[in-house]
1. Which one of these is farther than 21 Å from residue 65 by Cβ, surrounded by fewer than 15 Cβ atoms within 10 Å (Cβ to Cβ) and among the aliphatic types (A, V, I, L, M): 112, 141, 107, 164?
2. Could you list all residues from segment 69-85 that are out of contact with any helix residue (DSSP H, G or I) (no Cβ under 6 Å at 6 or more places or on another chain) and either free of Cβ contacts under 8 Å to residues at least 60 places away in the same chain or away from ligand 2 (no atom under 16 Å from the Cβ) (or both)?
3. Any residue in segment 228-247 that's over 17 Å from residue 215 (Cα atoms): show its pairings with residues that are assigned to a helix (DSSP H, G or I) and open to solvent by 80 Å² or more (accessible area, probe 1.4 Å) at Cβ separation under 8 Å, as long as the two are six or more apart or on different chains.
4. Can you list the strands (runs of 3 or more DSSP E) found entirely within segment 145-233 that contain at least 3 residues being within 16 Å of ligand 2 (Cβ to nearest atom) and at pLDDT 95 or above?
5. Filter segment 151-174 down to residues that are more than 16 Å from ligand 1 (Cβ to nearest atom) and out of contact with any helix residue (DSSP H, G or I) (no Cβ under 8 Å at 6 or more places or on another chain), then give me how many there are.
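The values are calculated or read from the model by the stated rules, or taken from the named source; none is laboratory data. Quick caveat: nothing in here was measured; it's all calculated off a predicted structure. Reconstructed Cβ throughout: ideal geometry from the backbone, glycine too, with neighbour counts over all protein chains shown. Side chains are part of the model used for accessible areas, which takes the heavy atoms of the whole protein and leaves out ligands, DNA and RNA. Shrake-Rupley method; radii C 1.70, N 1.55, O 1.52, S 1.80 Å.
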Amino acid sequence: MTDVLIKRRALLTGGAGLLLAGCDRVAQIPAARKILFAGEDMHYGLQRALQDRGALAPEYRPDQMSPIFRANGTRNPDTPAYNAMATNRFADWRVRVGGMVDRPLSLSVADLASMPARSQITRHDCVEGWSAIGQWQGPMLGTVLKAAQMKRAARYVVFTCADLYNGAPYYESIDTIDAFHPQTILALKMNGAPLAVAHGAPVRLRVERQLGYKHAKYVMGIDAVASLDGIGGGKGGFWEDNVDYDWYAGI
Ligand SMILES: Nc1nc2c(c(=O)[nH]1)N[C@H]1C(S)=C(S)[C@@H](COP(=O)(O)O)O[C@H]1N2
Ligand SMILES: [Mo]
């Protein structure tokens, strides 16, 4: 427990008395459990505030772009459905936007391309220890969520991908702060050309304040949710569920 956390918990519980009862015993009191749990949420909130979640990731000049940008993870979903859509140049691809929205959407690549686009040259950092600078272009995720009239009670946005890992679609999630960050885009283009299959064609997430595994490729579904419970393994993403990667991979 950090000092900050203890102080804030004392603040929340209205004094140190409850804390002196000892963590284990406190956790057994239902009301206290609730407070401690709220404390964890607030700890996260505090961390977010300290890091200034709205700050922009560094952007680079065209001459700084990496000559080679490697692909990682799935390089081709290679399912019959995906291959059929690739053959048809993704004319039949639809991004379903649902969950806690007032206006569910089904967007083609052309629909996404008709929205105001943002272009950014950023550095991708993979947790495995490599980085590359590339240019990404596409509508801001926030624009899409606004068009779908996301409900205020939504806290997370979940991305369902076309590639399967252990038989289940790769998925990822971010909170609404990152979802509305100006550099969080649904990229349709990389380095000026439509996304290659290896890089997530026809649409992939760029969430520039986080590590590479959060940047879901082959996005088919976008769902606004209040909780990550019951989705996949409940930890918010494929790597979070299956390896102990952090859900919040801020950089
Ligand atoms: N759908 C999907 N998205 C994914 C992955 C994946 O395997 N499947 N790998 C992740 C990882 S670990 C990284 S580093 C980046 C790699 O993006 P790139 O292939 O364009 O370099 O995609 C991320 N998004
Ligand atoms: Mo990665």
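1. Being farther than 21 Å from residue 65 by Cβ, surrounded by fewer than 15 Cβ atoms within 10 Å (Cβ to Cβ) and among the aliphatic types (A, V, I, L, M) holds for just one of 112, 141, 107, 164, which is 164.
2. Of everything in segment 69-85, those that are out of contact with any helix residue (DSSP H, G or I) (no Cβ under 6 Å at 6 or more places or on another chain) and either free of Cβ contacts under 8 Å to residues at least 60 places away in the same chain or away from ligand 2 (no atom under 16 Å from the Cβ) (or both) turn out to be 77, 78, 79, 80, 81, 82, 83, 84, 85.
3. 233/242
4. Of the strands (runs of 3 or more DSSP E) lying wholly inside segment 145-233, those with at least 3 residues that are within 16 Å of ligand 2 (Cβ to nearest atom) and at pLDDT 95 or above span 156-165, 168-175, 204-207.
5. The qualifying residues number 3.
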